[in-house]
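Notes to accompany the following structure.
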Amino acid sequence: MAIKTGRLSVRYPDVSVVCGDSAAAEDDDRVSFDHASAVYEILSPSTMEYDQTVKLREYQQIDAVQTIVLLDPESEQVRIVQRLGPQSWRDDTLPGPVDVALPSLGLTIPHAEIFSRD
């Protein structure tokens, strides 16, 4: 699904989490949402800089977004950017292989599951 990042702009994150009631009939035909609470981007060498600057800033402008997770499959590094307040963010790059706690979603994702090569 696309995420609206501006009046005339959309992005296609690798994973997005939309919380709330999406069972309404009009949601079945939607091609974009503007109320994702979490966004995940899998970084690649060719888009890594753009994803971590331009796209990150755009996601931060969406009021509903609480958590942005940037995953680097090459180094197995995880960067988590979490909203602390209306204009305040915490930006953590996790050292080494650790499980990823996402308090805004009430879950922890094991490192081995995130970077599974199966």
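Counting other beta carbons within 10 Å of each residue's own, what order do S37, S116 fall into, fewest first?
Values: S37 18, S116 8.
Fewest-to-most ranking of S37, S116: S116, S37.
Along the charge dipole of the chain, Cβ charges K/R +1 and D/E -1, which of G106, G6, T67 sits furthest on the positive end?
Positive-most Cα among the choices belongs to G6.
Taking the Cβ-Cβ separation of S116 and Q61 as r and a Förster radius of 30 Å, what is the calculated FRET efficiency to the nearest 0.05? Intermediate values should be presented prior to the final figure.
Values: r = 32 Å, r/R0 = 1.07.
Result of the calculation: an efficiency of 0.40.
In whole percent, what relative contact order does the chain give with Cα contacts below 8 Å and a gap of six or more residues?
Working: 181 pairs, mean separation 20.5, N = 118.
Over the chain, the number comes to 17 percent.
To make sure I understand, if each residue's beta carbon is the centre and we count other beta carbons within 10 Å, what order do D91, D51, D118 fall in, fewest to most? Walk me through the intermediate numbers first.
On the way: D91 11, D51 21, D118 2.
Going from least to most buried by this count: D118, D91, D51.
How much of the DSSP beta bridge set in the chain is antiparallel, as a percent to the nearest 5? List each step's numbers first, then the result.
Values: 23 of 30 bridges.
Antiparallel: roughly 75 percent of the beta bridges in the chain.
Tell me, what is the FRET efficiency for S9 and M48 to the nearest 0.05, using R0 = 22 angstrom and their Cβ-Cβ distance as r?
Numbers: r = 20 Å, r/R0 = 0.92.
Using R0 = 22 Å, I get an efficiency of 0.60.
Do any trypsin sites (Lys or Arg not before Pro) in the stretch 28-118 lie in a loop, going by DSSP, with at most 10 other beta-carbon atoms within 10 Å of their beta carbon, and if so which?
Passing both the DSSP loop test and the Cβ count: R117.
Can you classify the stretch 40-116 as rounded, prolate or oblate using the Cα gyration tensor, where a ≥ b ≥ c are the square roots of its eigenvalues, rounded means a/c under 1.5, and otherwise it's prolate if a/b beats b/c and oblate if not? Numbers along the way, then the final one.
On the way: a/c = 2.16, a/b = 1.19, b/c = 1.81.
Since a/c reaches 1.5 but b/c is at least a/b, the shape of the stretch 40-116 is classed as oblate.
Where nothing but the Cβ of Lys and Arg (+1) and of Asp and Glu (-1) is charged, how large is the charge dipole of the chain around its Cα centre, in debye to the nearest 20? Working shown, then result.
Working: 10 positive and 20 negative charges, 84 e Å.
The dipole magnitude comes to about 400 debye.
Every number here is computed from the coordinates shown, using simple stated rules; none is lab data. What you see is a predicted model; the values in this text were computed from it and never measured. Methodologically, a virtual Cβ is constructed for each residue, glycine included, from the backbone with ideal geometry; neighbour enumeration extends over all protein chains shown.
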